[in-house]
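Let me begin by presenting the structure, written as structure tokens, before commenting on it.
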Amino acid sequence: MPKTRITLTVSSTEEYFERARKRAQAMDRGEMPAPGITISFEDPVDLMELLTSARVRLLRSVKGQPQNISALASELKRDVRAVSRDVSLLEKAGLLRTSYKSNPGHGRLKMVEPVAQEYKLVASL
């Protein structure tokens, strides 16, 4: 299980660059920043379009252990195609990772696993 924390936040371009500047200054002083990834959205609507309730449940389901898409669909009581679509979107956003595992006699299974151990949502309007 990865030890990374991913923070999803809503912030302006200025706030993004201020955060980057402070991080660089800390590194110049020899301080190691806390490990983690921050994904910023300028508009809260964009963040909420990515993190639908179904996708949040999907993230929670794979947090325990990697699972294949069929098992996820069954666990979440959703259509396999819908889960596959959501996995692709969350992978593109950097929140999930997929790999293929051999399934003897049946081809390959697409395995889904989290990129981070913790996902933190920070939003203010």
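Values in this text are rule-based calculations from the coordinates and carry no lab data. These numbers were taken from a predicted model, which means no experiment stands behind them. Here Cβ is always computed from backbone atoms with ideal geometry, including for glycine, and neighbour counts include all displayed protein chains.
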Before rounding to the nearest 500, sum -39500 (n - 2.57) across all DSSP H runs of length at least 4 in the chain and divide by the residue total; then give [θ] at 222 nm in deg cm²/dmol. -13500 deg cm²/dmol
Candidate aspartates and glutamates - alpha carbon under 15 Å from LYS92, same-chain residues fewer than 8 apart omitted: ASP46, GLU49, GLU113
Where nothing but the Cβ of Lys and Arg (+1) and of Asp and Glu (-1) is charged, how large is the charge dipole of the chain around its Cα centre, in debye to the nearest 20? 620 debye
Amide H of LEU8: which non-local residues (sequence gap of 5 or more, or other chain) have their own amide H closer than 5 Å, using H built in the peptide plane? ILE39, LYS120, LEU121, VAL122
I'd like the antiparallel share, as a percent to the nearest 5, of DSSP beta bridges with both residues in the chain. 50 percent
Quote to one decimal, in nm, the extra length available between VAL122 and ARG21 on full extension: 0.36 nm per residue of separation minus the C-alpha distance between them. 34.4 nm
To check my understanding: the extent here is largest minus smallest coordinate of the Cα atoms along each principal axis. What are those three numbers for the chain, in Å, largest first? 56, 33, 19
Within the under-12-Å Cβ sphere about ALA73, not counting ALA73, Lys/Arg +1 and Asp/Glu -1 give a net charge of +3
Inter-part distance where the stretch 71-102 and the stretch 1-47 are each reduced to a Cα centre, Å: 26 Å
